[in-house]
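In what follows, a single structure is set out as structure tokens and then discussed.
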Amino acid sequence: MRTLLFLLRKEFRQIFRDPGILRIIILMPVIQLLVLPKAADYEIKNINIAIEDYDHSQVSQQLANKISSSGYFKMVGYHNDYTKGYELIEKDKADIVLEIPVDFEKNLIRNNTQNLFIAVNAINGTKAIIGSGYLNSILMDYNNEIRMKWVQPTTFNALPTIDIATANWYNPNLVYAVFMVPGILVLLLTLIGGNLSAFNIVKEKEIGTIEQINVTPIKKHIFILGKLIPFIIMGLVVFTLGMIIAVVVYGIIPLGSLLLLYAFAFIYLIALVGFGLLISTYSDTQVQAQSLTFFFLIIFNLMSGLFTSIDSMPHWAQIVTRFIPLSYFIEVMRMIVLKGSHFHDVAYQFMILIIMGLVLNGWAIINYRKTT
């Protein structure tokens, strides 16, 4: 125990001597938690639309006004020539072109039906799907409005109607930041814990201090434990700072137990820092450690379920996510913070991370060789 205390004192002295590490620990989570949740937003607005109105009737103008006033579309052209709208799409100045045909209002009154043509710039598939969905909803809503105006009222309801009541659980106002902030906090914890721990042992290899430790009678598991604990403490500090920002800035108050949340963060950091130390034992230079860390963290981030649902991934990708600790913690963060889940709800993820922590840290201990 005394040897471990000396190692911890040495590690903390090295950390506090480097002002860059302190800036990373304090400034990085603050800046990224303030910026990323607002930037990583799948709610698409300001969709550029060009309307080609060949009718110029009162109905077509009302439709154009309804689209532009919806808050989702920005009018970039209002012509009676489709080639102009097509040119705007070619120049990436328009995302959607809506063509209103000649005699739109007249045929709508006479025949009770009329067709519209929508052309969508589908280079960005997500924006095309969501934008066309917004436009179709507006058109259906406008169709219902004019139907109610033109249909003569009757003394009884000729057709049965179904009223649908929708309740949004866990995120009543459908605020995307509420969904993203818990996941981004885990991502920051991963970037800080994974990167800093991966450079730790290899940095001592480069400056030569590892040779001094190798000639001492310090056991390998004590040495790894001395490297592990400081980064776990720093990770918990970053986690606490992120939780404060989530509450103060975004008003996200965890519905579940904070003790359970910190217990899971502690287990996650053990697995994560063990992974970083494992990379450090395999690397001879900081450049090698940085390359390996970057490779794995990119995979972790893209396949963790932070930005895309794991259920929508191919089957082989879903199998890969089972070996990514980040995916388990993101799922648990959202369950505890947003749903108020209890321990029995996250017991499976808890056990998986314990196993990952034992495997990764045991592997790091075995792979570390005390050579002189």
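The values are calculated or read from the model by the stated rules, or taken from the named source; none is laboratory data. Just so it is clear, the model here is predicted, and its values are computed rather than measured. Cβ atoms come from the backbone with ideal geometry, glycine included; neighbour counts cover every protein chain shown. Note: accessible area is taken over every heavy atom of the protein model, side chains too, but ligands, DNA and RNA are not part of it. Shrake-Rupley method; radii C 1.70, N 1.55, O 1.52, S 1.80 Å.
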* What value, in deg cm²/dmol to 500, does the helix sum -39500 (n - 2.57) over DSSP H runs of n ≥ 4 give at 222 nm once divided by the residues of the chain? -> -21500 deg cm²/dmol
* Keeping the other protein chains in place, figure out the carbon and sulfur percent of the accessible area of the chain, with a 1.4 Å probe. => 63
* Asked: Give or take rounding to whole Å, what are the principal axis extents of the alpha carbon atoms in region 38-101, in descending order?
  -> 40, 26, 12
* Ordered by packing density, taken as the mean number of other Cβ atoms within 10 Å over each peptide's residues, highest first, how do 229-239, 185-195, 107-117 rank? -> 185-195, 229-239, 107-117
* To do: Note the per residue figure in Å³ for the convex hull of the C-alpha positions in region 106-147.
  => 58
* Divide the volume of the convex hull of the Cα atoms of region 1-40 by its number of residues and quote the answer in cubic angstrom per residue. => 72
* region 1-148: proportion of alpha-carbon pairs further apart than 21 angstrom, % -> 58
* Output the Cα-based Rg and Dmax of region 253-354 in Å, rounding Rg to one decimal and Dmax to a whole number. => 15.0, 45
* To do: Figure the gain on full extension for Asp284 and Ile222 (residue separation times 0.36 nm, minus the Cα-Cα span) and round it to one decimal in nm.
  => 20.2 nm
* Structure fact -> Residue span Met75 to Lys45: 0.36 nm per residue of separation minus Cα-Cα distance leaves a gain in nm of 9.6 nm
* Cut-off under 5 Å, modelled amide H: who pairs with Gly340 long-range -> Leu255, Gly256
* Asked: Quick one: accessible area per residue over the chain, 1.4 Å probe, rounded to a whole number of Å²?
  -> 56
* Project the alpha carbons of region 209-314 onto their principal axes and report the range along each, largest first, in whole Å. => 52, 35, 22
* Taking N as the number of residues in region 10-61, what is its alpha-carbon radius of gyration divided by 2.2 N^0.38 Å? -> 2.59
* **Local electrostatic count at Glu11 - Lys and Arg +1, Asp and Glu -1, tallied over other residues with Cβ under 12 Å** => +4
* With N denoting the number of residues in region 164-244, provide Rg(C-alpha) divided by 2.2 N^0.38 Å, to two decimal places. => 1.75
* Which of the helices in the chain meet the span-like rule: DSSP H, Cα axial reach of 18 Å or more, Kyte-Doolittle mean at least 1.0? -> 19-39, 176-198, 220-250, 258-282, 286-302, 343-367
* With respect to the cross-link table entries Lys203/Lys227; Lys74/Lys127; Lys38/Lys66, which display a Cα-Cα separation exceeding 22 Å? -> Lys38/Lys66
